[in-house]
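The values are calculated or read from the model by the stated rules, or taken from the named source; none is laboratory data. Only a predicted model underlies this, so the values are computations on that prediction, with no experimental measurement involved. Heads up, the Cβs are rebuilt from the backbone with ideal geometry, glycines too, and the neighbour counts pull from every protein chain shown.
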Amino acid sequence: MGRRCRRSFECGLARSAVSAMIAMVMLPASARDLDGRYKDSALHEWFESLASGRGLCCSYADGLAVEDVDWETKDGHYRVRLPENAGSKVMIWVDVPNDAIITAPNKIGRTVVWPVYNDFYPDVSIRCFMPGTMT
């Protein structure tokens, strides 16, 4: 089973960054809503309901907003650049499994990925991926 991220640079967009994404803040934000300040956000319930074929996104892994240069399509499949492992500054391209793609409409326009870093396996896996508009 995966573990939730513990460092703010690993986290980006899930529950607590809803208002930051609405404001289009480009810096990563903590993915936890520790003080409940985002519970009344217009997009809170939408984020909580996002799921891929791998299950719910926000309840299992922390989301990360991805810049357009860090994701692409190759041979009909999505790829995203992520840290090699939790805490790493080394970035690698990771293929997005088809069952990790969120098919619901993207209400924020930004690309979001929910990576899972596991203590037992060296590779990063992707829980959910929501493509952006690539503008």
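Based on this model, can you work out whether W46 counts as surrounded by fewer than 17 Cβ atoms within 10 Å (Cβ to Cβ), more than 27 Å from P122 (Cβ to Cβ) and modelled with pLDDT of 50 or more?
Numbers: surrounded by fewer than 17 Cβ atoms within 10 Å (Cβ to Cβ): yes; more than 27 Å from P122 (Cβ to Cβ): yes; modelled with pLDDT of 50 or more: yes.
Answer is yes for this residue.
Going through region 102-128 one residue at a time, which ones are under 16 Å from S49 (Cβ atoms) and buried (at least 16 other Cβ atoms within 10 Å of the Cβ)? So that I can check it myself, show each step before the final result.
Our first condition is that a residue be under 16 Å from S49 (Cβ atoms); within region 102-128, this holds for 102-108, 112, 114, 127-128.
Across region 102-128, the qualifying residues are I102, I108, V112, W114, R127, C128.
Find all pairs meeting these conditions: Cβ atoms under 6 angstrom apart; at least six residues apart or on different chains; first residue within region 33-57 and at negative phi and assigned to a loop (DSSP other than H, G, I, E, B); second residue modelled with pLDDT under 80 and among the hydrophobic types (A, V, I, L, M, F, W, C).
Y38/V18; S41/V18; L43/V18
Quick one: count up the residues across region 104-135 that are without any contact (Cβ under 8 Å) to a residue 40 or more places away in the chain and among the β-branched types (V, I, T). Can you show your working first?
Keep residues of region 104-135 that are without any contact (Cβ under 8 Å) to a residue 40 or more places away in the chain, which gives 105-106, 109, 120-123, 133.
Then keep just the ones that are among the β-branched types (V, I, T); that gives 133.
Of the residues in region 104-135, 1 are without any contact (Cβ under 8 Å) to a residue 40 or more places away in the chain and among the β-branched types (V, I, T).
Of the conditions (1) at pLDDT 95 or above; (2) assigned to a loop (DSSP other than H, G, I, E, B), F120 clears all except one; give me its number.
(1)
Report, by residue number, each residue of region 60-78 that is surrounded by 12 or more Cβ atoms within 10 Å (Cβ to Cβ) and either modelled with pLDDT under 90 or under 20 Å from I108 (Cα atoms) (or both). Step through it out loud before you land on a result.
Initially, region 60-78 is screened for residues surrounded by 12 or more Cβ atoms within 10 Å (Cβ to Cβ), giving 60-66, 68, 70-72, 77-78.
Matches in region 60-78: Y60, A61, D62, G63, L64, A65, V66, D68, D70, W71, E72, Y78.
Could you tell me whether region 80-96 includes any residue that is touching a helix residue (DSSP H, G or I) at 6+ places or on another chain (Cβ under 6 Å) and surrounded by 13 or more Cβ atoms within 10 Å (Cβ to Cβ)? Before you say what the answer is, go through the steps one by one.
As a first pass, look at region 80-96 and keep what is touching a helix residue (DSSP H, G or I) at 6+ places or on another chain (Cβ under 6 Å): 81.
Now drop any that are not surrounded by 13 or more Cβ atoms within 10 Å (Cβ to Cβ), which leaves 81.
Within region 80-96, one or more residues are touching a helix residue (DSSP H, G or I) at 6+ places or on another chain (Cβ under 6 Å) and surrounded by 13 or more Cβ atoms within 10 Å (Cβ to Cβ).
Output the residues belonging to region 123-135 that are touching a Gly at 6+ places or on another chain (Cβ under 9 Å), in a strand (DSSP E or B) and not aliphatic (A, V, I, L, M).
Step one: list which residues in region 123-135 are touching a Gly at 6+ places or on another chain (Cβ under 9 Å), which gives 125, 127-128, 130, 132-133, 135.
If we keep only those that are in a strand (DSSP E or B) too, we end up with 125, 127-128, 130.
Correct list: S125, R127, C128.
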